[in-house]
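What follows is a single structure, written as structure tokens, with notes after it.
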Amino acid sequence: MSELETDMQQRLKFVLSQINDACKRRSKEFEGVIPRLVAVSKKRDSSDIIQAYQAGQRHFGENYVKELETKARDERILEKCKEIKWHFIGHLQGNKVKELLHIPYLYMIETVHSQQLAEKLNNSWDTGDDRKLRIFIQVNTSGEKEKSGCSPDEIINLMKFIKDKCPKLQVDGLMTIGSAEHSKESQNPDFVKLIECKKEVCREFGIPEKDFELSMGMSADYVQAIEMGSTNVRVGSAIFGERSK
Ligand SMILES: *Cc1c(COP(=O)(O)O)cnc(C)c1O
């Protein structure tokens with residue numbers, strides 16, 4: 001990394017320090033859990049990604065398969081970001097699954113919301129070894145129509161289906177997009193809901209709570225999300241600046 005930091009690299013550093021401080025305010029049960037920062041790079045170009053990478057950032061999130069593919073195959077990124085880890089965080093359509101699974105350095109898919117999609121991913125995941133595809137189940141905790149995700153009362157069935165029928169998938173946790181109107185409250189009810197869902201899943205399947213992740217928190221609310229136990233925050237504009245529409 002060069003001596004001179006760019007504004008963006010400074011913002012990245014600031015976000016990391018906020019995360020670090022928030023960790024200190026969590027309850028004892030989260031001791032030792034280091035949350036992962038996913039830098040959401042949608043609508044940013046490859047040079048921004050490279051800059052963040054050079055400042056130490058490794059996990060990046062994208063919403064659109066085409067856009068992710070273009071960046072992941074960009075020769076500069078392939079050459080300079082050899083340890084990059086891509087998270088797919090957008091709404092995934094069945095007809096884009098094959099394309100998505102062929103993307104280099106794909107780390108995980110955070111937005112699995114149905115049996116049909118899980119089955120398709122399972123059938124299309126073929127690495128030649130027994131490496132599983134990491135996924136989160138996306139939950140629509142706010143009930144807003146325009147948001148995707150399964151409803152909270154469908155999670156257990158979806159988990160059962162994946163356990164029984166999708167041996168190539170590994171469910172690492174639950175993901176939600178909290179409704180923006182609650183982002184200034186200290187306890188976003190969508191995060192509270194996701195935590196309840198996690199507890200239920202862990203109870204039902206005998207998973208230790210420390211081994212099951214929560215992906216919640218974006219630029220407006222990543223600090224409170226971490227205080228509440230998020231293990232994966234997806235932060236875009238606080239790192240890269242406001243996005244153009
Ligand atoms: C865009 C996006 C983010 C990041 O949003 P910011 O407010 O810019 O931090 C996080 N998660 C998902 C699913 C997104 O689509």
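Here are some notes:
- Selected residue [free of Cβ contacts under 8 Å to residues at least 40 places away in the same chain, crowded, with 21+ Cβ neighbours inside 10 Å and under 30 Å from GLY56 (Cα atoms)] from ILE109, ILE103: ILE109
- Counting the residues of region 222-245 that are at pLDDT below 95 and within 9 Å of the ligand (Cβ to nearest atom) gives 2.
- Lone qualifier among THR141, THR127, THR111 - being among the polar types (S, T, N, Q), over 23 Å from VAL65 (Cβ atoms) and not in a helix (DSSP H, G or I): THR141
- Every condition in (1) more than 16 Å from the ligand (Cβ to nearest atom); (2) modelled with pLDDT of 95 or more is met by THR127 except one, and the failing one is (2).
- Screening ASP153 against (1) on the phi < 0 side of the Ramachandran plot; (2) under 20 Å from the mean Cα position of the chain (by Cα) leaves a single unmet condition, (2).
- Among the conditions (1) within 16 Å of the ligand (Cβ to nearest atom); (2) over 14 Å from the mean Cα position of the chain (by Cα); (3) within 24 Å of LEU117 (Cβ to Cβ), the only one that GLY173 does not satisfy is (2).
- Subset of region 18-50 [among the aliphatic types (A, V, I, L, M), closer than 23 Å to MET108 by Cα, in contact (Cβ under 8 Å) with a residue 40 or more places away in the chain and buried (at least 17 other Cβ atoms within 10 Å of the Cβ)]: ILE19, LEU37, VAL38, ALA39, VAL40
- Region 107-119, residues that are away from the ligand (no atom under 16 Å from the Cβ) and touching a His at 6+ places or on another chain (Cβ under 9 Å): none
- Scanning region 67-102 for residues that are hydrophobic (A, V, I, L, M, F, W, C), closer than 26 Å to LYS163 by Cβ and more than 16 Å from the ligand (Cβ to nearest atom) returns VAL97, LEU101.
- Boolean, ARG44 is within 12 Å of the ligand (Cβ to nearest atom) and either assigned to a helix (DSSP H, G or I) or more than 20 Å from SER215 (Cα to Cα) (or both): yes
- Evaluation of LYS98 against (1) in contact (Cβ under 8 Å) with a residue 12 or more places away in the chain; (2) at positive phi (one fails), failing number: (2)
- Qualifying residue in region 66-83 (condition: assigned to a strand (DSSP E or B) and either surrounded by fewer than 21 Cβ atoms within 10 Å (Cβ to Cβ) or without any contact (Cβ under 8 Å) to a residue 12 or more places away in the chain (or both)): no
- Candidate set from region 202-221 (those that are hydrophobic (A, V, I, L, M, F, W, C) and outside any helix (DSSP H, G or I)); member that is nearest to the ligand (Cβ to nearest atom): MET218
The values are calculated or read from the model by the stated rules, or taken from the named source; none is laboratory data. No experiment lies behind these values; they were computed from the predicted model shown. With ideal geometry, Cβ positions are generated from the backbone for all residues, glycine too; neighbour counts draw on all protein chains shown.
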